[in-house]
Amino acid sequence: MVSKQPFARRILLAFVLMTVMVSGIFSIGIVAVVHFVEEHLVSEELQRELNTVLHQDINRGRPPRLDSSTRFFASSHSEYAIPEQYANLEEGFNEVVDGNEAFYVYVQEINNQTYLLVQEQHEFEAREQVLFDVVLAGFLLTIAAAWGLGLVMARKVMAPISRLAQQVRHRDQLHSLAPPLAPDYPDDEIGQLAAAFDSTLGQVRQSLERERLFTSDVSHELRTPLMIIATSCELLAEVKLEQRERVQIERIDRACKEMRELVQTFLQLARDKANETAFVASSSLAKVATEQAERWGPMLGEKNWISSALKRVRMMVATILLFSTR
């Protein structure tokens, strides 16, 4: 289904979505790297410190020399019994959360004996939380900046398209003196669109001009035979004829007058726009229909009223269509 969103809005949404995707991947990558580095560095540090305690302190019968944030536990020494909460941890690095407290726990098995080194991580967690807050703030600021920059970019991208639409909307495109649009734009997609519009408009102008010339020529050519028919009807009206023949002459004369009016209408429509506007403004559909009804209404009572009515209706419809389509 084709989207009905404005083009500028689609550009903005695409820009923001791309920024969200890139910034989101970057933020998630930072978090993942921090966790990896945390586990790797802390694991190495705790392993080194545990080995130091075992070889330099426990094996020599001395208590472990550790700072206040680190504690030592061993399954082989009752005074360093392993607490229940650390009893089932896997060997290697572990992170344990107990309520509001969090600990790093490094587990090592030597000769079927388990040794643990537990270190508080409040300070590191505080720094880590600050880092995550900075990453989140940067992510939100990036989205806000992308929105603002997207608005500016969408307006700059849409500016030539909007200008082209304004030029197309607010000038007489069918006027032969209207300048082409393509020279006002660079040779890019917008320029190609303007050139295509100029080409199509040129074809429309040529078609309208051919139609106007054809209508004008045909109308002028029809005036001469119509004048001959009208003159012949006037001459025959002066001759003594039977009633039936005189009726036929009158019908020919009426048809000739109708044709002359239609030819005059074609001539008016083929002229320039100023004359055409003045001509059309002097009449309305209601006025034309009323005139036609008053003109041909009495003839409906004649013997051939059905065929006459159909002919008159067709002529009236043709005249109305000529006015309405211009």
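Points worth noting:
- For region 185-263, averaging the sequence separation of C-alpha pairs within contact (under 8 Å, six or more residues apart) and dividing by the residue count gives a relative contact order of 32 percent.
- Calculated diffusion of region 7-152, Stokes-Einstein form, Kirkwood radius summed over Cα pairs, 4 °C and 1.567 mPa s, µm²/s: 71 µm²/s
- Electrostatic tally near residue 99: other residues with Cβ closer than 14 Å to its Cβ, Lys and Arg +1, Asp and Glu -1, net -4.
- Where Rh is the Kirkwood radius over Cα pairs, Rg/Rh for region 185-263: 1.49
- Computed over region 1-69, the ratio Rg/Rh where both radii use C-alpha atoms and Rh is Kirkwood: 1.55
- Rel. contact order, % - alpha carbon contacts under 8 angstrom, at least six apart, region 59-189: 16 percent
- The residue among 248, 214, 204 whose Cα reaches farthest toward the positive pole of the charge dipole of region 185-263, with charges on the beta-carbon of Lys, Arg, Asp and Glu, is 248.
None of the figures in this text is laboratory data; all of them are computed from the coordinates on show. Quick caveat: nothing in here was measured; it's all calculated off a predicted structure. For neighbour counting, all protein chains shown are included, and Cβ atoms are generated from backbone atoms with ideal geometry for every residue, glycine included.
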